[in-house]
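What follows draws every value from the coordinates through simple rules; no lab data is involved. Only a predicted model underlies this, so the values are computations on that prediction, with no experimental measurement involved. Heads up, the Cβs are rebuilt from the backbone with ideal geometry, glycines too, and the neighbour counts pull from every protein chain shown.
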Amino acid sequence: MSQKLLVVEDEISISTLLQFNLEQAGFQVVTAMDGKSGLKKAESVVPDLIILDLMLPEMDGLEVCKELRLKKLNIPILMLTAKDDEFDKVLGLELGADDYMTKPFSPREVVARVKAILRRTAAAGTEFEKQKEEVEHLRIGEVDIYPENYEAYFKEKALELTPKEFELLVYLARHKGRVLSREQLLSAVWNYDFVGDTRIVDVHISHLREKIEANTRKPIYIKTIRGLGYKLEEPQ
Ligand code: CA
């Protein structure tokens with residue numbers, strides 16, 4: 001039986017986009033356009049997961065979150081926020097959101113996140129699964145990294161990385177989307193507090209690219225930001 005999702009989003013274009021992509025991924029999707037009707041549908045449908053926009057008419061996402069928890073409806077919640085929303089991550093998570101995403105996002109990313117939360121929730125039963133759940137997992141495009149296990153995968157195949165390549169990849173991944181200077185990378189990964197030879201960074205970056213880029217001349221993961229440094233980003 002397919003899992004049921006509730007999408008509470010007042011922007012019809014986003015709601016439609018989410019519904020389409022989630023249905024493609026095999027989910028049943030119910031939608032609501034405001035906080036109040038979202039809450040009602042959550043109670044009547046009891047979905048497996050709720051994708052909840054923060055800024056909603058009638059009742060905002062945080063209030064919906066709070067109400068659901070008060071009613072002891074333990075449905076996992078993925079919160080959507082816009083970049084300029086005054087969203088307090090800590091508050092959102094305290095009120096019971098399981099994860100959150102910032103707009104704009106790719107539908108593929110949402111689907112992946114929904115699946116991850118559902119896996120996590122389904123796994124939360126046994127002690128063994130609980131331990132698994134606590135393992136940090138970083139995912140960028142088709143790169144999966146498990147820092148504690150010292151494992152990284154590209155297209156689900158294990159990557160052969162040297163320890164420094166691995167640490168560099170983890171550092172870039174943890175700072176996804178941010179431009180990092182060579183000096184910053186040098187001090188974070190090589191623990192150089194002085195200004196060392198930054199070419200070592202370039203060499204390792206090029207090795208990483210050989211392993212995760214289809215075309216190292218046109219990298220889609222690790223971008224060179226001229227004059228500044230490097231940035232790991234979600235491929236478009
Ligand atoms: Ca909204």
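With both partners inside the chain, how many of the DSSP beta bridges are antiparallel, as a percent to the nearest 5?
About 45 percent, rounded to the nearest 5.
Under 16 Å from a point placed 7 Å out from the Cα of Leu70 along the Cα-to-Cβ direction: which residues of region 13-35 have their backbone N that close?
Residues 35 qualify, since their backbone N sits under 16 Å from the label point.
Pick from Ile200, Ile14, Ile51: which residue has the top mean-square fluctuation in a GNM of the chain where Cα pairs under 10 Å get a spring?
Ile200
Just list whichever of Lys4/Lys155; Lys72/Lys103; Lys40/Lys71; Lys4/Lys72; Lys66/Lys89 have alpha carbons separated by over 23 Å in the model shown.
In this structure, Lys4/Lys155; Lys72/Lys103 exceed 23 Å between Cα atoms.
Go through Val201, Ala42, Leu52 and say which Cα lies farthest out towards the positive end of the charge dipole of the chain; charges sit on Cβ, +1 for Lys and Arg, -1 for Asp and Glu.
Most positive-ward Cα: Val201.
Testing the spin-label approximation: label points 7 Å from Cα along Cα→Cβ at Gln236 and Glu58. State their distance in nm.
My value for the distance between the label points is 3.7 nm.
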